Amino acid sequence: MLAMSKMKIFGVTIVTAAAAILATACNDKRSTGWEYAPNMYEHIAFEYDQKNPNFKDGKTAQLPPAGTIPLGFTRFDYPNTRDGYNLASTEVKNPLAMTQTNYAEGKVLFEHFCSPCHGMTGQGDGLVVQHGYPAPPSYSKGQSSRGGAMKDLTDGKIYHTVTYGVNAMGSYASQLAPDERWKVIMYVHHLQTL
């Protein structure tokens, strides 16, 4: 009998606790309960397209201050002009060491980005040419549209051309990072000797 009354008391306690939890949990439908770190839910930062009273013009998205350079950005201070091309020819040199690794990576990059037009050996016989597009000049035998033999192109001239493009060749600055351009140039110098 005593055991039965203990079971009854225990059962009533469990039912009462469950009813209390259920009653308090359903009280406010919008409540998410306690917040451990409320600043994670109520962020105070402005979205880029929101008005922002902290700036004179009221815009959140601000232009960077004049003269700043993005992290990881490499400046190339030669304009996309004939004078810039000629100046780059004399002043710009490949900053990377001529190593087997850099050369091998340059070859792979050339095959992926340049060979569709220039061909695997730089003779201007890529797949694009086979489909009727004009052929670029051969690196070893051709003449540059800017004057001089292609085999005599310097680091600076090639880097300028890859960065800005020339004639039918567009800029590869968005496809090849500066160090990748230098690796390609190492391989192009090899193709100039073929």
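Read the figures in this text as sums done on the coordinates, not as results from a lab. Bear in mind that the values here come from a model prediction, so they are computed numbers and not experimental data. Glycine gets a Cβ as well: all are built from the backbone with ideal geometry, and neighbour counts include every protein chain shown.
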| 26 Å Cα-Cα reach of LYS51 towards lysines, excluding residues that sit fewer than 8 places from it in its own chain | LYS59
| Could you work out the helix-only [θ] at 222 nm for the chain, with each DSSP H run of four or more residues adding -39,500 (n - 2.57) and the total divided by the number of residues, to the nearest 500 deg cm²/dmol? | -12000 deg cm²/dmol
| query | Got a sec? How would VAL128, VAL188 order by Cβ neighbour count within 10 Å, fewest to most? | reply | VAL128, VAL188
| Signed unit charges on C-beta, dipole axis of region 82-191, positive-most listed residue TYR164, GLY148, SER115 | GLY148
| note | At the level of C-alpha centres, the distance separating region 41-118 and region 147-179, in angstrom, is 16 Å
| request: Please get the size of the charge dipole for region 107-192, origin at its Cα centre, with Cβ charges of +1 on Lys and Arg and -1 on Asp and Glu, quoted in debye to the nearest 20. | output: 140 debye
| remark: Across ASP49, ASP125, ASP152, the residue with the highest GNM fluctuation in the chain (Cα network, 10 Å cutoff) is ASP49
| said: Amide H of ALA149 versus every other amide H placed in the peptide plane: which residues, excluding those fewer than 5 positions away on the same chain, fall under 5 Å? | reply: SER144
| task | Name the long-range amide H neighbours of LYS59: under 5 Å, sequence gap of 5 or more, or other chain; modelled H, no Pro or chain starts. | result | ASN52
| Cα axis of helix 155-164 to longest principal axis of the chain: angle in degrees, 0 to 90, nearest 10? | 50 degrees
| So what's the angle, to the nearest 10 degrees on a 0 to 90 scale, between helix 82-91 and the longest Cα principal axis of the chain? | 90 degrees
